[in-house]
1. In 5 Å bins starting at 0, how do the alpha-carbon pair distances of region 1-107 split up by percent?
2. Any idea how far apart residue 23 and residue 154 come out in nm if each label point goes 7 Å out from Cα toward Cβ?
3. State, to one decimal in nm, how far the label point of residue 30 lies from the label point of residue 115, with both points 7 Å from Cα in the Cβ direction.
4. Just to check I understand the Karplus step: with θ = phi - 60° and J = 6.51 cos²θ - 1.76 cosθ + 1.60, what whole-Hz values come out for region 67-72, glycine and proline as x?
5. Let me know the number of lysine pairs in the chain closer than 13 Å at the Cα, not counting same-chain pairs under 8 apart.
6. What list of ³J(HN,Hα) values in whole Hz, one per residue of region 143-148 in order, does the Karplus curve 6.51 cos²θ - 1.76 cosθ + 1.60 (θ = phi - 60°) give from phi, with Gly and Pro shown as x?
7. Could you tally the net charge around residue 3, taking each other residue with its Cβ under 11 Å from the Cβ of residue 3, Lys/Arg +1 and Asp/Glu -1?
8. When Lys and Arg each count +1 and Asp and Glu each count -1, what net charge do the other residues less than 13 Å away from residue 57, Cβ to Cβ, add up to?
Amino acid sequence: PMIIRYLYKGTVYSFKAQLLNILSSPARLFFVSYPEKFEEIRVLENARFDCILPASALVGNDIVEMTVVDISKEGCLCMISAGAKHEALYGLLQVNKQMDLKVQFPGMTGKFGLVGRIRNTSKGTDKIMVGLVFEELSEDVKMKLEALLALMQQATRKTRPE
């Protein structure tokens, strides 16, 4: 018997299985029995939800269009598609610098201001990723964000098999 655990998007998944066979060539490969049940343990305090929300922010002297690709009660991850000013833009995104996002929530009119502090940045050949931790959110925006997250959580439960 063995216990297998892995981390995926802030949740640790665990299950018990029996080792059935091992192959050592061409690479080590373990065959295990199908688990009777899975266990989930959330590592992050608040669940993150994958999303595609249009957003914009003032970076330097330019308004930069971006997409929020995951969001939680505490923060979000934004993706900026690379353009001609890729390197210069990345240089302006400094950790601990405040950023004021304007985000369009689905089913709601107008854009909402999400103020956050840059927690991390990374760049690839075609995109820049910016992680934000929210701070100084107005009560109205907090309520709208919580409503959106509750809707996303409800949708996730409906689509996730038991």
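The values are calculated or read from the model by the stated rules, or taken from the named source; none is laboratory data. Everything numeric here is computed off the predicted structure, so don't read it as measured data. Cβ atoms come from the backbone with ideal geometry, glycine included; neighbour counts cover every protein chain shown. What goes into the accessible areas is simple: the full protein's heavy atoms, side chains included, and nothing from ligands, DNA or RNA. Shrake-Rupley method; radii C 1.70, N 1.55, O 1.52, S 1.80 Å.
1. So the P(r) values, bin by bin, are 2, 9, 14, 14, 12, 10, 9, 8, 8, 9, 4, 1, 0.
2. Those two pseudo-labels are separated by 4.7 nm.
3. Modelled inter-label distance: 4.9 nm.
4. 10, 7, 9, 7, 8, 9
5. Details: 16/37; 73/142; 73/144; 85/123; 85/127; 102/111; 111/144.
Counting lysine pairs in the chain gives 7.
6. Coupling constants for region 143-148: 5, 5, 5, 5, 5, 4 Hz.
7. Local charge sum for residue 3: +1.
8. Around residue 57, the surrounding residues sum to +1.
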